[in-house]
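First up is the structure itself, then whatever we jot down about it.
The values are calculated or read from the model by the stated rules, or taken from the named source; none is laboratory data. Here the structure is a predicted model, which is why all the values come from computation and not from measurement. So basically every Cβ, Gly included, is an ideal-geometry build from the backbone, and we count neighbours across all protein chains shown.
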Amino acid sequence: MSYGLQFTNNSNTVVLDSEYARLMVISSGRFAPTEESGMGSTTYFARPVTSQEPPLVFVRPDTVNGVAGLCMMRLLGSAGNWTGFYVRAYNVNTAQPNGRYFVAAFGAQPIAQYGMRLWDGAGKLLFDSGTSCATFTRAFQNWNYVKYDKDSQGLTRIYYTVPFNFPQNEYLLLNNFGMNMTSGSGMPRQLYCWWDFPNNTLYAITIAATNPTAFFLPAVFAKMNA
């Protein structure tokens, strides 16, 4: 940055810059079952996300004495007006979709009634003192292959795990687990996520007719900053 505004902390790390956007929390709250006999959950944000690119939704299922499974995530709305998201429980044997979420974007929105705002040279709002930021905390890509079996339709289901202690303040990026993955046939791999709380284990599960064992999708976590 040749000119503009820049803040650094005591460790000489740039925390705010008039050229680059931070990951800003636009809305946060809870998600809960709303449909499909308690299996599906549609959540509307407190305010629409006005970014052109899809925002990032992070979730932290409520701790249960069992498995919380999430899948089939999709955003609601469209570019410039993202209004909410849908997510579904894995099946009737896993916990219903209950928990906390926040939605974030690389750019702020005018929320504060007073305080400070910062724009870049093109007029994009980068910072608003009424919008908290989020920090990426960790990412897992070293999945362990566990086993495979067949589901009720005869499709191959593969299980991958990574140890995780599920901190209360860390949220999983759900967008990754809302996308299908390539497979060995025309039918893509469907992707699911389990939070096995009693065994401190995070699962990724893929289902497809021709299901390769290679799996490198990162599980990305972040937390909200005050």
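Couple of notes before you dig in:
- Looking across segment 112-131, the residues that are assigned to a loop (DSSP other than H, G, I, E, B) and buried (at least 16 other Cβ atoms within 10 Å of the Cβ) come down to 120, 131.
- Residue check for residue 206: more than 18 Å from residue 103 (Cβ to Cβ), of a type in the set (Ser, Thr, Tyr) and surrounded by 18 or more Cβ atoms within 10 Å (Cβ to Cβ): yes
- Filter pass, residue 161 being hydroxyl-bearing (Ser, Thr, Tyr) and over 22 Å from residue 89 (Cβ atoms): no
- Near pairs, Cβ below 9 angstrom, 6+ apart or cross-chain, from segment 179-207 (closer than 18 Å to residue 139 by Cα) to any residue that is in a strand (DSSP E or B) and of a type in the set (Asp, Glu): 202/196; 203/196
- Only one entry of 63, 42, 8 meets the criterion of being among the β-branched types (Val, Ile, Thr) and free of Cβ contacts under 8 Å to residues at least 40 places away in the same chain, and that entry is 8.
- Which listed residue is on the phi < 0 side of the Ramachandran plot, modelled with pLDDT of 95 or more and assigned by TED's automatic domain parsing to the domain that holds residue 131, from 33, 110: 33
- Hits in segment 51-64 - residues which are surrounded by fewer than 17 Cβ atoms within 10 Å (Cβ to Cβ) and β-branched (Val, Ile, Thr): 63, 64
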